[in-house]
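I have placed the structure first, in the form of structure tokens, so that the comments after it can refer back to it.
Derivation of every value follows stated rules applied to the coordinates shown; laboratory data play no part. Keep in mind that what you see is a predicted model, and the values were worked out from it rather than measured. All Cβ positions, glycine included, derive from the backbone under ideal geometry; neighbour counts span all protein chains shown.
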Amino acid sequence: MNAPLAEDFFAEMTAEEREYPEYNLPEPALKEAISVDGNIQYNCLISSFSQLGVEPDYTLGVTGSLVVDQLVLPVLRDQMGAYGFYCGIDDDIGLYMISYRDPNLSATFDLYDSLPEKLASLDLSQEVIDGYIMNAYSELAKP
């Protein structure tokens, strides 16, 4: 029913070239916070792959799943009252960790800072690690 309406709409549009606008946006600081007067806050830690000195690959997804499951969600959600947490990789952004509706900003960043030591001290069986590898692979293999 909408197809003819869409065709009529686009038929009335003129094709004209426009000059690409120049954006003069300020360069953001390396660490920056934006406070929003709202009831939902996101606390983010984001780093580009070049800042980390690594190339993106699937092993970061494996590590991210492990960090979320074993180290972050049990503390942030179950002990500190945050609603949720996301950890992942994006080819354009890099590595990101984001807590959602998190009432403990300072404690969350302390937890983020402690993750390398906590990750190094984990004692996981190969079977558990294989589960995280299969999880990362199944995410990559989705059609």
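Can you give the FRET efficiency to the nearest 0.05 for residue 24 and residue 106, using r as the Cβ-Cβ distance and R₀ = 25 Å?
0.15
Across every pair of non-identical alpha carbons in the range 1-82, the mean reciprocal distance, once inverted, gives a Kirkwood radius of 19.0 Å.
How about the range 53-143: which chymotrypsin sites (Phe, Trp or Tyr not before Pro) there are in a DSSP loop, with at most 14 other Cβ atoms within 10 Å of their Cβ?
Listed in order of number, the matching sites are 83.
In this calculation the C-beta distance from residue 123 to residue 69 is compared with R0 = 25 Å, giving a FRET efficiency of 0.95. Relative to the longest principal axis of the Cα atoms of the chain, the long axis of helix 126-140 lies at roughly 0 degrees.
Between helix 105-121 and the chain there is an angle of about 60 degrees, using the helix long axis and the longest principal axis of the Cα atoms. Annotation for the range 66-143: trypsin sites (Lys or Arg not before Pro) lying in DSSP loop with at most 14 further Cβ atoms inside 10 Å of their Cβ are 101.
Kirkwood analysis of the Cα pair distances in the chain returns a hydrodynamic radius of 18.8 Å.
Per DSSP H run of n ≥ 4, the term is -39500 (n - 2.57); total these for the chain, divide by its residue number, and report the mean residue ellipticity at 222 nm rounded to 500 deg cm²/dmol.
So the helix-based figure for the chain works out to -12000 deg cm²/dmol.
The mean sequence separation of alpha-carbon pairs under 8 Å and at least six residues apart, normalised by the residue count of the chain, gives a relative contact order of 25 percent. Seen against the Cα atoms of the chain and their longest principal axis, helix 2-11 is set at about 60 degrees. The distance between label points at residue 90 and residue 134 comes to 3.0 nm (points 7 Å beyond Cα on the Cα→Cβ vector).
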